[in-house]
Amino acid sequence: MADAAAPRSRTFLWVLIGGGAFFLFVMSVFVLVYLTLHAGGQDASLHAFGDKIGVVDLEGVIVDPSVIVPQLKKFGDDDSIKAIIIRVNSPGGGVAASEEIYRAVKRVRDVKHKYIVASISTVGASGAYYVSSATNKIYADNGSIVGSIGVIMEWLNYGDLLRWAKLKQEILSVGEFKDTGDPTRELTPAERAYLQSLADNMYGQFVRAVAEGRHAKVEDIKAIANGKVWTGEEALSMHLIDQIGDFQAAVDDTAKSVGIKGEPVLVHPELERKNVLDLLFGDVSQWLPTKEKLMENQMGFYYLWK
């Protein structure tokens, strides 16, 4: 009996040791991944000395301003940050979201009196141009897409599909315009006029904001605010941008403008934390609904180039 128990005890001991070692290995990997992500996202101001320029990315469709606005505020309040560059690659997005970022840029420029510029790469259209217009200076490449000053509202009308499937949507509402935009039916003339009046009002806000940001006359901006986009080369001649140049040109020129000698230190906001799914299975964003798809499924007004 004693001889049989000894091998079992040794086996159990090895299983325990092996399991403990595997657990420690897995924990070490997770800690290493976390520290790598955390360190990569730390402000350069914690690790570097010298003159610094903050870099904020305005990427993709503008839906939620709650990420970019705090970044702008943080860089605006940091005295070690001599200037801010917004790196723009966006077709625009929600009306209110674009306006909120625009106002954050204006606060940096007019209240904090900190030099802030926009560097448009592939696209800086509609709401993204709205934001860019609030900066001190706009850079773009010759082939960048710039402009699209206008408002768009769209949704799917699937009323015919419901009727084909012999389904009927029931809506109880109080107020003539409460169910305006019901996707199961056509707009009434009064509803169409009502929605058009909202779009017209938002269009006026867009034009006035660009005129204010660009120190231009409202009439001059309105004359070209027809929803069109232009290349960076064309936009320069229309005074929609200030200079042809890529991101590095914007960095070099901005450094000189704020008196930085030599190569500036570029400070990026803290990286977004990876979720557990990303850590276990890699980037899962390709399987999740995009901002564009989410916007297609809800009614709203947008400063968006499509």
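The values are calculated or read from the model by the stated rules, or taken from the named source; none is laboratory data. Note that this is a predicted model, so its numbers are computed, not measured. Counting neighbours? That spans all protein chains shown, and the Cβs are built from the backbone with ideal geometry, glycine included.
The figures follow:
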| read-out | value |
| --- | --- |
| Positions within region 161-209 being among the polar types (S, T, N, Q) and more than 27 Å from Ile221 (Cβ to Cβ), in sequence order | Gln169, Ser173, Thr180, Thr184, Thr188 |
| Yes/no for Arg87 being outside any helix (DSSP H, G or I), at pLDDT 95 or above and within 16 Å of the chain's Cα centre (by Cα) | yes |
| Matching residues in region 91-124 - criterion: being in contact (Cβ under 8 Å) with a residue 40 or more places away in the chain and under 11 Å from Ile62 (Cα atoms) | Pro91, Gly92, Gly93, Gly94, Val95, Ser98, Glu99, Ile101 |
| Glu176 being free of Cβ contacts under 8 Å to residues at least 40 places away in the same chain, in a loop (DSSP other than H, G, I, E, B) and touching a helix residue (DSSP H, G or I) at 6+ places or on another chain (Cβ under 8 Å) | yes |
| Given (1) out of contact with any Ser or Thr (no Cβ under 8 Å at 6 or more places or on another chain); (2) assigned to a helix (DSSP H, G or I), number of the condition Glu191 does not satisfy | (1) |
| Criterion violated by Gly213 - all others in (1) in contact with a Ser or Thr (Cβ under 8 Å, 6 or more places away or on another chain); (2) farther than 30 Å from Lys82 by Cα; (3) at pLDDT below 95 satisfied | (2) |
| Hey, Ala235 of a type outside the set (Phe, Trp, Tyr), under 18 Å from Val131 (Cα atoms) and at pLDDT 95 or above or not | yes |
